[in-house]
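The values are calculated or read from the model by the stated rules, or taken from the named source; none is laboratory data. The model shown is predicted, which means the values in this text are computed figures rather than measured ones. All Cβ positions, glycine included, derive from the backbone under ideal geometry; neighbour counts span all protein chains shown.
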Amino acid sequence: MERINIALDGPAAAGKSTIAKRVAAELSMIYVDTGAMYRAITYKYLQQGQPEDFEALVNETTLELTYDGEKGQLVLLDGNDVTDYLRENDVTQHVSYVASKEPVRHFAVNKQQELARQKGIVMDGRDIGTVVLPDAELKVYMIASVEERAHRRQLDNEERGIESTLEQLKREIAERDEYDMNRDISPLQKAEDAVTLDTTGKSIEEVTEEILQLVNDLQ
Ligand code: DC
């Protein structure tokens with residue numbers, strides 16, 4: 001089969017990264033988590049005391065993705081592995097704001113397009129099908145109810161040892177959706193040619209299978 005790129009978009013905690021990792025492994029493709037890039041820049045923004053000059057912030061930043069057989073994608077920020085800090089509450093609470101800034105998007109989108117040039121990439125995010133990879137061979141828009149997304153994120157947090165309550169997660173997810181969908185630049189929206197996949201009540205295996213079927217249908 002010809003090398004393809006797959007764009008996977010959708011709101012916060014819809015299961016995109018879990019599914020993208022599975023699909024990438026099944027098809028021997030590389031998974032790129034674009035949210036992690038925005039999270040890494042947010043981490044730096046917080047470390048630097050929340051400067052408002054985002055142009056200067058990204059101009060002084062190097063961001064690299066590397067891959068570890070066990071851990072998967074690692075994010076190197078200015079040469080340091082910051083992967084383990086990216087899901088912390090403080091980062092999660094500020095990331096939508098930082099990701100709405102034009103210099104930040106410009107910086108991240110350029111890197112993402114560079115990574116996808118070689119093809120064979122499964123990329124998840126908010127604007128992959130609409131802005132980053134408008135020519136992706138397959139575009140999927142994944143959704144799930146807020147309740148289910150909060151529940152999944154809760155399990156995820158438990159595994160990572162991060163404290164949270166269901167109510168808090170529901171509120172945060174709804175707020176982040178609202179912010180991501182209504183920002184001026186590259187808001188979260190379904191690409192016209194994306195397939196909508198509602199994952200509410202479905203297992204990881206079922207959703208993975210559905211996407212593999214969509215890939216098969218491309219041929
Ligand atoms: O997928 P995630 O929860 O790690 O994403 C974190 C934030 O980054 C999300 O709230 C919005 C932003 N984001 C974005 O604006 N564009 C992307 N392609 C990926 C993430």
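Going by the structure shown, is Ala20 within 12 Å of the ligand (Cβ to nearest atom), in contact (Cβ under 8 Å) with a residue 60 or more places away in the chain and in a helix (DSSP H, G or I)?
In short, yes.
Could you tell me which of the residues Tyr31, Tyr67 is more than 13 Å from the ligand (Cβ to nearest atom), among the hydroxyl-bearing types (Ser, Thr, Tyr) and under 21 Å from Leu133 (Cβ atoms)?
Checking each option against the conditions leaves just Tyr67.
This table checks each residue for (1) of a type in the set (Ser, Thr, Tyr); (2) modelled with pLDDT under 95.
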site	(1), (2)
Ser17	yes, yes
Ala40	no, no
Asn59	no, no
Glu70	no, yes
Lys101	no, no
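Looking only at segment 198-219, filter to residues that are within 28 Å of Val109 (Cα to Cα), outside any helix (DSSP H, G or I) and out of contact with any helix residue (DSSP H, G or I) (no Cβ under 9 Å at 6 or more places or on another chain); which one of those is farthest from the ligand (Cβ to nearest atom)?
Leu218
Against the definition (in contact with a Phe, Trp or Tyr (Cβ under 9 Å, 6 or more places away or on another chain), in contact (Cβ under 8 Å) with a residue 12 or more places away in the chain, closer than 22 Å to Ala25 by Cα and away from the ligand (no atom under 15 Å from the Cβ)), how does Val195 come out, yes or no?
So Val195 passes the test.
Looking only at segment 138-197, count how many residues are among the basic types (Lys, Arg), touching a helix residue (DSSP H, G or I) at 6+ places or on another chain (Cβ under 7 Å) and farther than 30 Å from Ala116 by Cα.
So the answer is 1.
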